[in-house]
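Peer 1: Mind looking over this structure? Questions follow.
The values are calculated or read from the model by the stated rules, or taken from the named source; none is laboratory data. Being a predicted model, the structure only gives us computed values, none of them experimental. Cβ sites come from the backbone with ideal geometry, for glycine too, and all protein chains shown count toward neighbours.
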Amino acid sequence: MTLPAFELLQPESLDEALKLLGETPEAVPIAGGTCLLVDLRERKTSADVLLDLSRIEALRRIEIVGDELLIGATVTIAEILDDPSVAAYAGVLREACKTFAAPLIRNRATIGGNLAHASPAADTAPPLLLLDAMVEIQADGRKRVAPLHRFFAGPCDTTLKPAHLLTAVRIPIPEGAPRWTYQKIRLRKADAISVVSAAALAAPSKDGPPEVRIALGAVAPTPIRAWDAEETLKGGKLTPEAITVAAKVAAEEARPIDDLRGSAEYRRREIEVLVRRCLSGLMSSNGGEADGA
Amino acid sequence: MEPRAVTLRVNGRTHDVALAPNATLLEALRDLGYTDVKSGCEKGDCGACAVLLDGAAVNSCLVLAWQAEGAEIVTNSGLGTIERPHPIQEAFADTGAVQCGFCTSGMIIATKELLDRNPDPTEDEIREALSGNLCRCTGYGQIVEAVRLAATRLRDLGSSPSSSRGDDTPREAGHEVDPADRLRAVGDETEAGGDS
């Protein structure tokens with residue numbers, strides 16, 4: 001089936017893109033096209049006008065700005081995997097990107113596209129939620145920054161307003177060297193969407209035990225932080241008992257559904273298992289594990 | 001939805017073509033006669049349509065033709081010919097990695113990017129690199145063997161001072177190059193001495 005008809009705007013600069021978006025608020029941004037073109041072809045979505053971001057150099061950069069690691073919206077997953085700053089300051093994001101689809105897709109798919117598409121299973125989301133990442137959003141003449149967890153509104157839905165563009169992800173550079181762990185269950189060992197993913201991070205604090213954060217993918221209408229589970233760990237040590245409690249609470253606060261990759265019941269059990277593994281792993285070394293089921 | 005004139009650089013050759021905004025790179029390439037680029041699933045799952053876009057292997061079904069303007073596009077037929085195959089192509093033939101052949105162009109393109117980045121991959125790295133390329137005939141064993149053989153041969157070529165590294169970069173960037181001329185140079189050990 002061929003693609004439906006659409007106009008394609010190809011701005012050369014961010015200013016031009018924001019101007020065009022102001023004039024044509026219904027325009028749908030496209031970069032790698034790895035989701036959008038498939039959805040258009042299958043008539044799952046429609047667009048009369050596409051705004052191609054791929055010529056805008058300013059959106060395709062990874063840089064350290066002050067105490068933040070800034071990843072432009074059209075940086076590809078492959079570029080994230082190759083970048084030394086990401087490896088140094090956002091290792092958990094890199095780990096998740098290793099399991100992102102397949103190399104042919106990673107060479108096109110972008111971090112902005114992955115977030116703006118807002119799949120509950122978006123692979124870059126749990127690590128970014130864990131890192132307290134912010135999204136940078138621009139509209140003609142204005143720039144604002146918001147926490148990533150407020151960007152997601154529901155399955156494939158965001159709080160992005162018309163004529164507003166997601167331009168970058170900003171990750172606060174962590175103090176010290178936080179430990180992190182990542183787990184993803186998928187139906188095959190490569191090129192597979194997650195059934196459940198979980199990630200945990202222990203941010204060192206000067207006085208007292210580290211702050212433990214937990215994020216989950218594919219178990220709720222959006223990727224989520226497991227705030228209730230984190231609360232149970234506040235100020236305490238990561239004992240086996242504390243881990244068991246936190247894992248149970250994480251499973252309770254998730255809202256998984258039945259779909260072709262797994263049942264809600266299966267997912268709820270797996271959340272508990274993965275969170276337990278992630279938290280136990282925080283006591284040893286950094287690392288990730290992606291299972292075939 | 002007006003077509004516009006788009007300049008595509010494919011296998012070192014320049015094409016000026018009128019293309020609608022919803023034309024994919026896959027459709028444009030096949031219309032231009034690059035039928036070595038296969039149309040499989042058209043949703044990024046199978047890898048049969050893989051080409052190199054500025055050195056990176058991508059599914060051409062998921063690239064709009066307008067987006068590919070200005071990029072250096074290389075297809076399997078740009079790497080070598082039957083008379084003068086690229087070492088990767090030769091390795092696929094020698095190991096029996098080709099059965100129906102439909103996935104082969106894409107497999108070879110994915111292999112090219114892998115070996116450019118990693119000349120000595122492990123079996124796991126090979127399987128990972130080819131995980132977006134589906135083969136429904138061979139069971140992948142011979143394909144992995146082909147990649148390993150190609151890697152060995154390219155390393156041997158690379159360590160020999162008078163030989164080619166199987167470089168796919170067109171040697172006369174900026175000029176129109178007849179693909180036939182360029183292909184004669186590929187794999188020609190006496191001619192392709194150093195880096196281009």
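Peer 1: Only one of A:163, A:139, A:146 is surrounded by fewer than 24 Cβ atoms within 10 Å (Cβ to Cβ), free of Cβ contacts under 8 Å to residues at least 40 places away in the same chain and among the aliphatic types (A, V, I, L, M). Can you tell me which?
Peer 2: A:146
Peer 1: Let me ask another. Look through the range A:95-113, keep the residues that are part of a loop (DSSP other than H, G, I, E, B) and small (Gly, Ala, Ser), and return whichever of them is farthest from the other protein chains (Cβ to nearest Cβ).
Peer 2: A:109
Peer 1: Looking at the range A:11-27, which of its residues are within 13 Å of chain B (Cβ to nearest Cβ) and under 19 Å from residue A:158 (Cα atoms)?
Peer 2: Here is the first cut: in the range A:11-27, the ones within 13 Å of chain B (Cβ to nearest Cβ) are A:11-12, A:27.
Within the range A:11-27, just A:27 meets the criteria.
Peer 1: Next up: So residue A:8 fits all but one of (1) more than 14 Å from chain B (Cβ to nearest Cβ); (2) in a strand (DSSP E or B); what number is the exception?
Peer 2: Result: residue A:8 passes all but (1).
Peer 1: Within the range A:219-230, can one find any residue that is out of contact with any Leu (no Cβ under 9 Å at 6 or more places or on another chain) and without any contact (Cβ under 8 Å) to a residue 24 or more places away in the chain?
Peer 2: Yes; the residues of the range A:219-230 include at least one that is out of contact with any Leu (no Cβ under 9 Å at 6 or more places or on another chain) and without any contact (Cβ under 8 Å) to a residue 24 or more places away in the chain.
Peer 1: Restricting the range A:30-72 to residues that are within 9 Å of another protein chain (Cβ to nearest Cβ) and assigned to a strand (DSSP E or B), which is surrounded by the fewest Cβ atoms within 10 Å (Cβ to Cβ)?
Peer 2: Out of the qualifying residues, it is A:52.
Peer 1: Which residues, counting only those in the range A:87-105, are under 14 Å from the mean Cα position of the chain (by Cα) and not hydroxyl-bearing (Ser, Thr, Tyr)?
Peer 2: Residues satisfying the conditions are A:90, A:91, A:92, A:93, A:94, A:95, A:96, A:97, A:98, A:100, A:101.
Peer 1: Would you check if there is a residue in the range A:84-94 being away from chain B (no Cβ under 13 Å) and within 25 Å of residue B:65 (Cβ to Cβ)?
Peer 2: Checked against the condition, which is being away from chain B (no Cβ under 13 Å) and within 25 Å of residue B:65 (Cβ to Cβ), the range A:84-94 yields no hits at all.
Peer 1: Pairs under 7 Å by beta carbon, first residue under 15 Å from residue B:36 (Cα atoms) in the range B:90-102, partner buried (at least 20 other Cβ atoms within 10 Å of the Cβ) and among the charged types (D, E, K, R), six or more apart or different chains?
Peer 2: So the pair list comes out as B:102/B:38.
Peer 1: From A:220, A:247, A:203, which residue is in contact with a helix residue (DSSP H, G or I) (Cβ under 9 Å, 6 or more places away or on another chain), under 17 Å from residue A:129 (Cβ atoms) and more than 14 Å from chain B (Cβ to nearest Cβ)?
Peer 2: A:220
Peer 1: Please determine, by comparing only the residues of the range A:196-231 that are of a type in the set (Val, Ile, Thr) and closer than 14 Å to residue A:178 by Cβ, which one is surrounded by the most Cβ atoms within 10 Å (Cβ to Cβ).
Peer 2: A:214
Peer 1: If residue A:191 satisfies all but one of (1) out of contact with any Ser or Thr (no Cβ under 9 Å at 6 or more places or on another chain); (2) outside any strand (DSSP E or B); (3) at pLDDT below 95, what's the number of the condition it fails?
Peer 2: That leaves (1) as the condition not met.
Peer 1: Please pick out the residue among A:133, A:121, A:125, A:116 that is surrounded by fewer than 22 Cβ atoms within 10 Å (Cβ to Cβ) and more than 14 Å from every other protein chain (Cβ to nearest Cβ).
Peer 2: None of the other options fit; the residue is A:121.
Peer 1: Can you work out which of the residues in the range B:15-31 that are more than 12 Å from chain A (Cβ to nearest Cβ) and not in a helix (DSSP H, G or I) is surrounded by the most Cβ atoms within 10 Å (Cβ to Cβ)?
Peer 2: Of the residues in the range B:15-31, the ones more than 12 Å from chain A (Cβ to nearest Cβ) are B:15-18, B:28-31.
Cutting the leftovers down to not in a helix (DSSP H, G or I) gives us B:15-18.
Values: B:15: 17, B:16: 8, B:17: 15, B:18: 10.
Within the range B:15-31, the match that is surrounded by the most Cβ atoms within 10 Å (Cβ to Cβ) is B:15.
Peer 1: Looking at (1) surrounded by fewer than 19 Cβ atoms within 10 Å (Cβ to Cβ); (2) more than 26 Å from residue B:64 (Cα to Cα); (3) touching a residue at least 40 places away in the same chain (Cβ under 8 Å), can you tell me which one residue A:93 breaks?
Peer 2: Here residue A:93 clears every test but (1).
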